[in-house]
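The structure under discussion appears below in the form of structure tokens.
The values are calculated or read from the model by the stated rules, or taken from the named source; none is laboratory data. Treat the numbers as computed from the prediction; the structure is a model and nothing was measured. Backbone-built Cβ (ideal geometry, glycine too); neighbour counts: all protein chains shown. Heads up: the accessible areas ignore ligands, DNA and RNA and are worked out on the full protein's heavy atoms, side chains in. Shrake-Rupley method; radii C 1.70, N 1.55, O 1.52, S 1.80 Å.
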There are 2 protein chains.
Amino acid sequence: MDACGLVVEYNPFHNGHQHHLNEAKKESGASCMIAVMSGNFLQRGEPAIIDKFYRTKAALASGIDLVLELPYVYAVQSSDLFAKGSVQTLNEIGVSSICFGSESGTTSNFISSYQIFKEREAIFKEKLQENLTSGLAFPEASKYAYKEIGLTSDAMDLSQPNNILGFSYVKTILDKSLPIRPFTVQRMKSGYHDQTIRNSIASATSIRKQLFHDGSITEQTAVTMPEETSKELKTYHDNTNIWHNFENYFYLLHYRVITMSATELAQIHGVDEGLEYRIKKTAQFAMSLYDWIKAIKTKRYTWTRIQRIFIHILTNTKKEDIQPVKENPTVPYVRLLGMTKKGQAYLNQQKKKMDVPLISKLSHNLDPLLAVEEKASNAYYSVLHPSLQRKFIGQELGPPIILK
Amino acid sequence: MDACGLVVEYNPFHNGHQHHLNEAKKESGASCMIAVMSGNFLQRGEPAIIDKFYRTKAALASGIDLVLELPYVYAVQSSDLFAKGSVQTLNEIGVSSICFGSESGTTSNFISSYQIFKEREAIFKEKLQENLTSGLAFPEASKYAYKEIGLTSDAMDLSQPNNILGFSYVKTILDKSLPIRPFTVQRMKSGYHDQTIRNSIASATSIRKQLFHDGSITEQTAVTMPEETSKELKTYHDNTNIWHNFENYFYLLHYRVITMSATELAQIHGVDEGLEYRIKKTAQFAMSLYDWIKAIKTKRYTWTRIQRIFIHILTNTKKEDIQPVKENPTVPYVRLLGMTKKGQAYLNQQKKKMDVPLISKLSHNLDPLLAVEEKASNAYYSVLHPSLQRKFIGQELGPPIILK
């Protein structure tokens, strides 16, 4: 059985993903569709609106055969590490192709851009460093560095968020000569950063915004996602009384920061260049997380980067916790969240060929990264009532979700 | 001007304290009454019901001339360190006597007990260690060790909480040959651990219990304290909407513990002998702080000791933070919380003779212990709305309270 991989966050699984999945099926010709999905915290530095188990159910019900978890230490990171973790997870499970959505939509452009990039990588790195030193934020700095080596927006617009991610997947695959064929499908209509729902193909951002605004699933949001997603969103809300919003965590973050020394804060992953003093100083006046991030923000620090740092503070993820990720040649394990019958058959076929352990529970004490996962999961559920926390964390120790 | 010192927690200032103060005035003949008071966290490992500034106002209005703060690192400790910090603070400000309440009520008994103790200290220590090793909790272990050296309850009952504290004051004074005369007054009627109010002389425990039960000051509690105390309790509640109860902090403590590794937890002051694993394990099932402590409790760990540990976790106070306290020959500074005109005159007289700095604000960056104070203050106010937190922490930077 042949498999095609998708890298996703599924927050929640919506019509854009359904389209992406259908295109991937068609184009790859593979019979098994595998998603590697961020866990409870997302790449842009936010908690997922509902937990990874409920999102897994929605994904399986919508046509994914196997859902694997992208470990926290890869998920809440900038595009290069995010791509490294995702692609390597899919490689360990043996996919023959990876399909990613992009603004560009033309696979050959990614391949040719990679070739240009490799030829002029030294110049790119030099320029990037120059731009960073001059005080630019990473996205701006890399945009100008790409331009410098001829990767202008005509060939490939590397200032677009999905193009950036896609380019990182391609780089990982080609750099490591992985036996995987990358291809892209064009993302439909709504942009990554769109704030409002314009039609039934809406961005995750706009859907989430509308959900928080409405406090329930209305007609307007229902049309943007498969019925199974609506059902999972509703069940989660019924069971917990919340959809996770980063503001829910403000009081915990604030408490933690004001009872930490600057030295301790500087041990947290991402807190560099004296940012610990800025975070502590602004804590005195912050009345909300939004206020707080706004007060910290400078040209050098993008909103997303600060959000990621706050997630690492929330989960108490230290620089030393991340170190193994930078040193490991591949992911240390593959975590299975859920599967269909077909996914299960594929797994049975692949299991014995795998080079890293396949795990389904957090209890396996086989890797230090699992301690990070446990802290992240604990932190995510911290805003629930204690009795619910216990129940929901219990999901980490249960068997994988199987869609019959 | 001559001064007499009192060691207190004032939580809140009640009729028992008023009696103690009056007796101390009479017996000492001093014209200035000085209290060294625990800050926002108390010796038994609990947050004070209202903050130290409001308690200072009540104390000044009830006849105390000068209120000094016992630093956190001495206050939330067992009796020996608590006594060391208190007596040395009073010594630095130049009191000529210290008056303490006790169940015994006979000063000569404390002095003769001290003499017996000094003669047989080596045996006491040996027996104490034996008892601790056999698994007894500290209070039990020391009770039997005292008995062993002839300090039985006939001469001096050293299993009574105020006798224990008083004996520690006397030990500190006599061990260091401080120029201070210790004397005791008998505590009136209600015992330290009494849970219910029996009459207008009630224990702090029973008053606090009743206040939390009623949610406001009723006739029953009003008769147990000076009017000024009722007023401060009421004003604090009006301004913040709470009286601080350790249960208010459960969700913060729980969050912190479940996002900490056992190794990090073991760095907290008081977390010894593998207790970090027990605290983390029981966290999974705790639905309240009460439940949690109950689950941790063993013969070896008293309720109070576990409560103190939870305060240190809440305030993120590490073993390394406490180290200087054990090494310093005396307190590093004297912190002034409030004074009457008379107290102010006394201070003017003493200021130049002092060997350690006199400070009134937390902003003085003169000692590492002030960073611990700041964290403790931040943690205490963490259960208030962010805008109130800012306002109340602001008191730490204001001038001392002066009663005109």
Condition broken by A:Glu69, with the remaining ones in (1) closer than 24 Å to A:Gln210 by Cβ; (2) in contact with a Lys or Arg (Cβ under 6 Å, 6 or more places away or on another chain); (3) acidic (Asp, Glu) satisfied
(1)
Residue list for segment B:221-249, filter: aliphatic (A, V, I, L, M) and touching a strand residue (DSSP E or B) at 6+ places or on another chain (Cβ under 6 Å)
none
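Condition first: of a type in the set (Phe, Trp, Tyr) and in a loop (DSSP other than H, G, I, E, B). Now tell me which residues in segment A:265-301 satisfy that.
A:Phe285, A:Tyr301
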Which of the residues spanning segment A:258-307 are of a type in the set (A, V, I, L, M), in contact with a Leu (Cβ under 9 Å, 6 or more places away or on another chain) and more than 13 Å from every other protein chain (Cβ to nearest Cβ)?
A:Ala266, A:Val271, A:Leu275, A:Ile279, A:Ile296, A:Ile306
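Are any of the residues in segment A:338-347 modelled with pLDDT of 90 or more, of a type in the set (S, T, N, Q) and farther than 29 Å from A:Ala3 by Cβ? Full working, then the answer.
Our first condition is that a residue be modelled with pLDDT of 90 or more; within segment A:338-347, this holds for A:338-347.
Adding the requirement that they be of a type in the set (S, T, N, Q) leaves A:340, A:344.
Within this subset, residues satisfying the condition of being farther than 29 Å from A:Ala3 by Cβ are none.
No, the conditions are met nowhere in segment A:338-347.
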Where in segment A:203-258 are there helices (runs of 4 or more DSSP H), lying fully within it, with 1 or more residues that are of a type in the set (Asp, Glu)?
A:204-214, A:219-222, A:227-240
Return the pairs, sorted by first residue and then second, in which the second residue is part of a loop (DSSP other than H, G, I, E, B) and open to solvent by 70 Å² or more (accessible area, probe 1.4 Å), the first residue lies in segment B:359-386 and is more than 18 Å from B:Phe250 (Cα to Cα), the beta carbons are less than 7 Å apart, and the residues are 6+ apart or on different chains.
B:Ser360/B:Pro399; B:Leu370/B:His364
Among the residues of segment B:39-55 satisfying the criterion of being open to solvent by less than 10 Å² (accessible area, probe 1.4 Å) and among the basic types (Lys, Arg), which is nearest to the chain's Cα centre (by Cα)?
B:Lys52
Which listed residue is surrounded by fewer than 20 Cβ atoms within 10 Å (Cβ to Cβ) and within 24 Å of the chain's Cα centre (by Cα), from A:Thr224, A:Thr205, A:Thr263
A:Thr205
Which condition does B:Lys351 not pass, out of (1) open to solvent by 70 Å² or more (accessible area, probe 1.4 Å); (2) touching a His at 6+ places or on another chain (Cβ under 6 Å), if it passes all the others?
(2)
Please go through segment A:216-262 and give me each residue that is touching a Lys or Arg at 6+ places or on another chain (Cβ under 9 Å), hydroxyl-bearing (Ser, Thr, Tyr) and under 30 Å from B:Ile393 (Cα atoms), ordered by number.
A:Tyr255, A:Thr259, A:Ser261
Looking only at segment A:123-145, filter to residues that are within 22 Å of A:Arg44 (Cα to Cα) and either in contact with a Phe, Trp or Tyr (Cβ under 7 Å, 6 or more places away or on another chain) or hydrophobic (A, V, I, L, M, F, W, C) (or both); which one of those is most open to solvent (accessible area, probe 1.4 Å)?
A:Phe138
Cross-chain or 6+ apart pairs with Cβ under 6 Å, segment A:260-285 first and over 22 Å from B:Leu314 (Cβ atoms), then basic (Lys, Arg) and surrounded by fewer than 21 Cβ atoms within 10 Å (Cβ to Cβ):
A:His269/A:Lys319
Residues within segment A:102-122 that are in a helix (DSSP H, G or I), over 30 Å from A:Glu273 (Cβ atoms) and open to solvent by less than 20 Å² (accessible area, probe 1.4 Å), tallied:
2
State the number of residues belonging to segment A:5-27 that are free of Cβ contacts under 8 Å to residues at least 12 places away in the same chain and assigned to a loop (DSSP other than H, G, I, E, B).
0
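Can you spot a residue in segment A:226-242 that is acidic (Asp, Glu), more than 12 Å from every other protein chain (Cβ to nearest Cβ), closer than 21 Å to B:Val372 by Cα and touching a residue at least 12 places away in the same chain (Cβ under 8 Å)?
Applying the first criterion (acidic (Asp, Glu)) to segment A:226-242 yields A:227-228, A:232, A:238.
Among the residues that remain, those that are also more than 12 Å from every other protein chain (Cβ to nearest Cβ) are: A:227-228, A:232, A:238.
From what's left, closer than 21 Å to B:Val372 by Cα: none.
No: zero hits.
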In segment B:365-388, the residues that are of a type in the set (Gly, Ala, Ser) and either at the interface with chain A (Cβ under 7 Å from one of its Cβ atoms) or surrounded by fewer than 22 Cβ atoms within 10 Å (Cβ to Cβ) (or both):
B:Ala371, B:Ala379, B:Ser382, B:Ser387
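Can B:Tyr249 be described as hydroxyl-bearing (Ser, Thr, Tyr) and touching a residue at least 60 places away in the same chain (Cβ under 8 Å)?
Numbers: hydroxyl-bearing (Ser, Thr, Tyr): yes; touching a residue at least 60 places away in the same chain (Cβ under 8 Å): yes.
Yes.
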Filtering segment B:267-302 for residues that are farther than 30 Å from A:Phe392 by Cα and either out of contact with any Ser or Thr (no Cβ under 8 Å at 6 or more places or on another chain) or hydroxyl-bearing (Ser, Thr, Tyr) (or both) leaves a count of 7
Subset of segment B:277-304 that is open to solvent by less than 70 Å² (accessible area, probe 1.4 Å) and under 19 Å from the mean Cα position of the chain (by Cα) - its residue that is nearest to B:Asp355 (Cα to Cα)
B:Thr304
List pairs: first in segment B:311-338 and away from chain A (no Cβ under 11 Å), second of a type in the set (Phe, Trp, Tyr) and surrounded by 20 or more Cβ atoms within 10 Å (Cβ to Cβ), Cβ under 8 Å, 6+ apart or cross-chain?
B:Ile311/B:Phe41; B:Val325/B:Tyr74; B:Val331/B:Tyr74; B:Leu337/B:Phe53; B:Gly338/B:Phe53
Could you tell me which numbered condition A:Val185 fails, if it satisfies all but one of (1) closer than 15 Å to A:Glu121 by Cα; (2) in contact (Cβ under 8 Å) with a residue 60 or more places away in the chain?
(1)
